[in-house]
Amino acid sequence: MSESSIPRPVVAAGEIVVSGVSKSYGAAQLSKEVVRDCTFTIERGKLTVMIGPSGCGKSTLIRLLAGFERPSSGSIKIDGEPITGPSRERLVVFQETALFPWMSTYDNILYGPRARGELTQQTLDFAEFLLNKVGLQEFRRKYPTQLSGGMQRRAELARAMINTPTVMILDEPFRGLDAMTKELMWEYYAGLVEESGRTNFFVTTDIDEAVFLADRLLIMSNIPTQVRAVLEVDVPRPRRLADIVTSDRANEIKTEALSILHEEAMKSFSRGSKAASDFVEAYTKRSAKT
């Protein structure tokens with residue numbers, strides 16, 4: 001095992017193409033459409049970030065990409081093959097910590113290979129490499145409750161990476177961290193992505209996080225979610241937060257993205273106000289009759 005780099009996937013692997021995907025829940029007239037006619041590409045070896053209003057359907061798209069659910073219509077393919085179910089080639093890091101509280105950091109990282117009966121010497125060496133890479137070698141015997149929030153997130157990244165997935169899918173993994181820890185995690189995670197060359201799909205509601213991390217930025221509409229815009233974040237790597245704050249190009253992208261997101265937020269506000277108004281009107285009429 002090289003001491004300097006993370007195993008890289010085959011360069012030609014890891015492209016996901018989403019074509020005309022819609023997703024509804026419920027039956028007939030009671031169904032609720034969450035995703036509507038979504039079409040986009042997650043480019044191989046790139047970090048694609050999806051941002052949109054809270055509750056717009058981003059997590060539903062993650063479940064579809066992971067294969068946990070199937071689209072109501074449209075198709076999702078990885079390297080030309082339909083996604084029909086979960087696969088270790090597409091690993092998901094969720095918002096909530098998924099570390100097993102009864103396992104040490106080291107055992108949590110090794111969980112996947114151990115469950116598959118693949119505890120080879122190469123895997124054990126890779127676990128040691130990752131412990132060092134994520135800065136947790138001194139905490140290898142600690143349990144999750146003995147780790148800070150940032151340490152837990154680093155352990156989860158290592159637990160995903162030891163399975164050498166073709167695509168890593170992350171659903172707001174740094175949500176709930178304090179501002180300073182979150183910004184440190186951005187730089188840490190960006191460095192791991194740059195070194196691994198792996199396809200990453202990252203979902204967030206934080207515009208600063210999105211612009212700092214992304215190679216390509218997908219801006220989503222309110223529910224039912226659609227792609228409103230695709231922005232190429234042509235800011236040089238490696239990136240440091242101090243540099244990107246003063247980058248004119250980064251600020252142009254942020255301003256454009258915020259303008260679109262503001263439009264979608266206002267739609268949500270207007271829809272909510274109308275729903276509240278309709279409820280009050282109906283309640284008033286019903287009360288008048290009684």
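Quick note: the coordinates plus some simple rules give every number you see, no bench work behind them. These figures come from a predicted structure and were not determined experimentally. Positions of Cβ are backbone-derived with ideal geometry, glycine not excepted, and every protein chain shown enters the neighbour counts.
Within segment 124-138, can one find any residue that is in contact with a Ser or Thr (Cβ under 9 Å, 6 or more places away or on another chain) and either under 30 Å from P224 (Cβ atoms) or among the charged types (D, E, K, R) (or both)? Reasoning before the result, please.
From segment 124-138, those in contact with a Ser or Thr (Cβ under 9 Å, 6 or more places away or on another chain) are 126, 129, 131, 136; that's our starting set.
So of that shortlist, the ones also either under 30 Å from P224 (Cβ atoms) or among the charged types (D, E, K, R) (or both) come out as none.
No, segment 124-138 contains no residue that is in contact with a Ser or Thr (Cβ under 9 Å, 6 or more places away or on another chain) and either under 30 Å from P224 (Cβ atoms) or among the charged types (D, E, K, R) (or both).
State whether one or more residues within segment 37-53 are of a type in the set (A, V, I, L, M, F, W, C), assigned to a loop (DSSP other than H, G, I, E, B) and crowded, with 19+ Cβ neighbours inside 10 Å.
Checked segment 37-53: no residue is of a type in the set (A, V, I, L, M, F, W, C), assigned to a loop (DSSP other than H, G, I, E, B) and crowded, with 19+ Cβ neighbours inside 10 Å.
With the requirement that a residue be buried (at least 21 other Cβ atoms within 10 Å of the Cβ) and either touching a Ser or Thr at 6+ places or on another chain (Cβ under 8 Å) or not in a helix (DSSP H, G or I) (or both), what does segment 61-73 give you?
Listed by number, the list holds a single entry, L61.
Looking at L157, L147, L136, L124, can you tell me which residue is buried (at least 20 other Cβ atoms within 10 Å of the Cβ) and either more than 22 Å from the chain's Cα centre (by Cα) or free of Cβ contacts under 8 Å to residues at least 24 places away in the same chain (or both)? Working first, answer last.
On the way: L157 fails: either more than 22 Å from the chain's Cα centre (by Cα) or free of Cβ contacts under 8 Å to residues at least 24 places away in the same chain (or both); L147 fails: buried (at least 20 other Cβ atoms within 10 Å of the Cβ); L124 fails: buried (at least 20 other Cβ atoms within 10 Å of the Cβ).
One residue alone meets the criteria, L136.
Any chance you could count how many residues in segment 78-100 are surrounded by 14 or more Cβ atoms within 10 Å (Cβ to Cβ) and part of a strand (DSSP E or B)?
From segment 78-100, those surrounded by 14 or more Cβ atoms within 10 Å (Cβ to Cβ) are 78-79, 83, 87, 89-95, 97-99; that's our starting set.
So of that shortlist, the ones also part of a strand (DSSP E or B) come out as 78, 87, 90-93.
Qualifying residue count for the region: 6.
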